Amino acid sequence: MEIAIFGAGSTGCYLAGQLCLSGLKVTLICRPAIKQKIIANNGITLSDYQGLIRP
């Protein structure tokens, strides 16, 4: 299954990361400036309120 998420804000990025960790193919559709930041940081790192961190 392939999923597209429109918007790479905090919610969209978190959802995309969780779906990727579940083994799904996810595409974020966002502004070029956000895309460059994600690329420059080698992707997205997920964290939650309990201290879980996943690169």
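The values are calculated or read from the model by the stated rules, or taken from the named source; none is laboratory data. Computed from a prediction, not measured in an experiment: that's the story for all the values here. As a convention, Cβ positions derive from the backbone with ideal geometry for all residues, glycine included, and neighbour counts pool all protein chains shown. Keep in mind that these areas ignore ligands, DNA and RNA; they rest on the heavy atoms of the full protein, side chains included. Shrake-Rupley method; radii C 1.70, N 1.55, O 1.52, S 1.80 Å.
Out of all the residues in region 37-55, which are of a type outside the set (Lys, Arg) and either modelled with pLDDT of 95 or more or touching a Leu at 6+ places or on another chain (Cβ under 6 Å) (or both)?
Step one: of region 37-55, the residues of a type outside the set (Lys, Arg) are 38-53, 55.
Scanning region 37-55 gives a single hit, Ala40.
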**Q.** Residues (in a helix (DSSP H, G or I) and in contact with a Leu (Cβ under 9 Å, 6 or more places away or on another chain)) located in region 1-12
**A.** Gly12
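If you scan region 42-55, which residues turn out to be among the polar types (S, T, N, Q), in a loop (DSSP other than H, G, I, E, B) and within 12 Å of the chain's Cα centre (by Cα)? Spell out the reasoning first.
Pass one, region 42-55, residues among the polar types (S, T, N, Q): 42, 45, 47, 50.
Then keep just the ones that are in a loop (DSSP other than H, G, I, E, B); that gives 42, 45, 50.
Those that are among the polar types (S, T, N, Q), in a loop (DSSP other than H, G, I, E, B) and within 12 Å of the chain's Cα centre (by Cα): Asn42, Thr45.
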Q.
For region 42-55, which positions are out of contact with any Pro (no Cβ under 7 Å at 6 or more places or on another chain) and either hydroxyl-bearing (Ser, Thr, Tyr) or surrounded by 13 or more Cβ atoms within 10 Å (Cβ to Cβ) (or both)?
A. Ile44, Leu46, Ser47, Tyr49
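Please find, within region 13-41, the residue that is least open to solvent (accessible area, probe 1.4 Å) out of those that are of a type in the set (S, T, N, Q) and assigned to a loop (DSSP other than H, G, I, E, B).
Step one: of region 13-41, the residues of a type in the set (S, T, N, Q) are 18, 22, 27, 36, 41.
Still in the running and assigned to a loop (DSSP other than H, G, I, E, B): 22, 41.
Numbers: Ser22: 91, Asn41: 113 Å².
Selected residue: Ser22.
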